[in-house]
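Report on the following structure.
The values are calculated or read from the model by the stated rules, or taken from the named source; none is laboratory data. From a predicted model like this one, the values you see are computed outputs, not experimental measurements. We place every Cβ from the backbone using ideal geometry, glycine too, and count neighbours over all the protein chains shown.
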Amino acid sequence: MRLITSIADMRAFLLQARAAGRSVGLVPTMGSLHEGHLSLVRQARRQCDAVVVSIFVNPAQFGPSEDLARYPRNLDRDLETLRPFRVDAVFAPDTAEMYPTIFETYVVPGEAAKPFEGASRPGHFRGVATVVLKLFNIIRPDIAYFGQKDFQQAHVIRRLIEDLNLETRLVICPIIREPDGLAKSSRNAYLSADERQTATVLNRSLRRAEELVHSGKSDSAVLLEEMRGVIASEPRAQLEYVAIVDPIELESVERVTAGCVALVAARIGSTRLIDNLVLGPPGVSPEMLIQLALTARPVATAQARIPGMETEILRLRIESCRDCAAVSSIRLPPSEFLSKYVKRDYPDLGTVRVAIIGRDAPIHAVNFLYHSPDSSNRFSAALFELVGVKNFNEFRRGFVLTDALRCHCTAPHVPDKALAYCVKHLREELKLFPNLETLIVLGDDAYLQFQKLILGRSEEQFTPFGQLLAEKGWEQEKVLVPSPLDREMRIFYCYHPTYGYTRSPSLVSHLA
Ligand code: AMP
């Protein structure tokens, strides 16, 4: 491991590495190394031939009243810490090497640097972007490693790389935490024993948000209120900000979708700490959550409802539903439907206005409309004619097909109790589509279930199916559909397109 302090030596060292065709990974740090830094080094070691760790306490990223003077520095200890990691070079320049007396060009990041840390620490990201670009120019790494711990910083670097067409690739590594959840940080050394106890409150507030998300809550205002509550429970903690943002623009969101990030900053005594958590489905690894955050793209419009976390959570809930599990001969179409088809076919859940409830036919899974969208069968042909679309592609733009018998459709006799569970899941499934205004109920089985289980009517309260449809071949009503939809919807009752010989006339003119 070479210790290099001058820019010229660093360049010369890398010239050799490059001439030998070796890839170079850079881990930029301010020293005082801990497990968080080392996780970046390990990742660089796995992916690159030569690894450079830079250690430089960058004065340009500290405000005048910040902790530059007392920031912990111990180069000898850091070199010892790095020794087992087969690092090729440690680049540890002094301030004069990086900022000679004449130095006047800075990188000024844009919107990415304005909120949160940027607002609390004016000029901070200007200093970060400047030193990172300098390091990139000196070392020319193929890959640079940054921690999710400083989520906004990683975001600013990402913009820097994209905006200035840098060739370095960015890898973001998950947050390494103490056993009690506190994110490892060089600044934790400032904390007294009592403050160290209190400091876990940042992570606790994030976990509370995650817990709520996993229980199905997605309203940011509710989550933020809870997070503030957790911080407020520790009198020694002084909250600076909490936010839930979309991971691409870093703008606050009203509703949480998979990949959104909860951010928190607070002072514990005089020590300022930050932490964050990518929100996603339960059971997903931290690496996967970062992937989710980095690949989450806004779909269609800013308000688009993107299937992701909600569908995943509902899927898990249905799969682990103990009531359903108690019923034998169980099949779980919602699992495939939610984990695959909804995400594939509905990039924006908000475009669906009409849900069609009725058993798909024929029942064999391979003929399921979503499973084989292009293979036309009797059911799909009749269904498309009923609602006036030419093909599946047109269908999925405004319609979704589902079934009242979501979970137990292979059982020969489905007990009413089991049906009630099915309908509970159906309601939750319909709730995923926020702009649903119309339901089409196909066939007498679905009609009965719909009347009894969704609308809660007894047999005396609704007309028998055959009688209702006798005159026009279909019927409609406007009705308040109870919780969790809780809204007045237009319902069309039709013959099932393939069961029996009677067909309902096309609904096209009524659906407009
Ligand atoms: P610093 O020395 O604080 O500038 O951090 C250097 C790099 O290590 C940055 O990319 C940080 O995001 C990353 N880092 C710091 N703490 C952690 C941690 N607890 N887990 C993962 N990465 C971290």
Within segment 419-460, of all residues that are among the aromatic types (Phe, Trp, Tyr) and over 12 Å from Ile357 (Cα atoms), the one modelled with the lowest pLDDT is Tyr421
Does Glu104 satisfy being outside any loop (DSSP other than H, G, I, E, B) and either at pLDDT 95 or above or surrounded by 14 or more Cβ atoms within 10 Å (Cβ to Cβ) (or both)?
no
Cβ-Cβ under 8 Å, sequence separation 6+ or interchain: first residue in segment 256-280 and over 16 Å from Arg121 (Cβ atoms), partner of a type in the set (S, T, N, Q) and part of a strand (DSSP E or B). Which pairs?
Val261/Asn276; Ala262/Asn276; Ile268/Gln238
If we keep just the residues of segment 23-42 that are more than 10 Å from the ligand (Cβ to nearest atom) and touching a Cys at 6+ places or on another chain (Cβ under 7 Å), which is nearest to Leu79 (Cα to Cα)?
Gly25
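Just give me the residues in segment 111-142 being hydrophobic (A, V, I, L, M, F, W, C) and more than 13 Å from the ligand (Cβ to nearest atom), in sequence order.
The first filter runs over segment 111-142 and keeps only residues hydrophobic (A, V, I, L, M, F, W, C), leaving 112-113, 116, 119, 125, 128-129, 131-133, 135-136, 138-139.
Selection gives Ala112, Ala113, Phe116, Ala119, Ala129, Leu133, Phe136, Ile138, Ile139.
Is it true that Ile172 is within 16 Å of the ligand (Cβ to nearest atom) and either in a loop (DSSP other than H, G, I, E, B) or not hydroxyl-bearing (Ser, Thr, Tyr) (or both)? Working first, answer last.
Working: within 16 Å of the ligand (Cβ to nearest atom): yes; either in a loop (DSSP other than H, G, I, E, B) or not hydroxyl-bearing (Ser, Thr, Tyr) (or both): yes.
In short, yes.
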Taking segment 43-55 and keeping residues within 11 Å of the ligand (Cβ to nearest atom) and touching a Ser or Thr at 6+ places or on another chain (Cβ under 9 Å) leaves Val53, Ser54, Ile55
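Give segment 181-199 a look and list any residue that's in a helix (DSSP H, G or I), touching a strand residue (DSSP E or B) at 6+ places or on another chain (Cβ under 7 Å) and hydroxyl-bearing (Ser, Thr, Tyr), or say none. Full working, then the answer.
Residues of segment 181-199 in a helix (DSSP H, G or I): 186-190, 193-198.
Cutting the leftovers down to touching a strand residue (DSSP E or B) at 6+ places or on another chain (Cβ under 7 Å) gives us 187, 190, 195, 198.
Correct list: Tyr190, Thr198.
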Check off (1) touching a Phe, Trp or Tyr at 6+ places or on another chain (Cβ under 9 Å); (2) within 22 Å of Arg126 (Cα to Cα) for Leu40 and give me the number that stays unchecked.
(2)
Subset of segment 480-510 (residues that are surrounded by 15 or more Cβ atoms within 10 Å (Cβ to Cβ) and within 22 Å of Glu429 (Cα to Cα)):
Val481, Leu485, Met489, Arg490, Ile491, Phe492, Tyr493, Cys494, His496
Within segment 189-218, count every residue that is without any contact (Cβ under 8 Å) to a residue 40 or more places away in the chain, surrounded by fewer than 18 Cβ atoms within 10 Å (Cβ to Cβ) and within 16 Å of the ligand (Cβ to nearest atom).
1
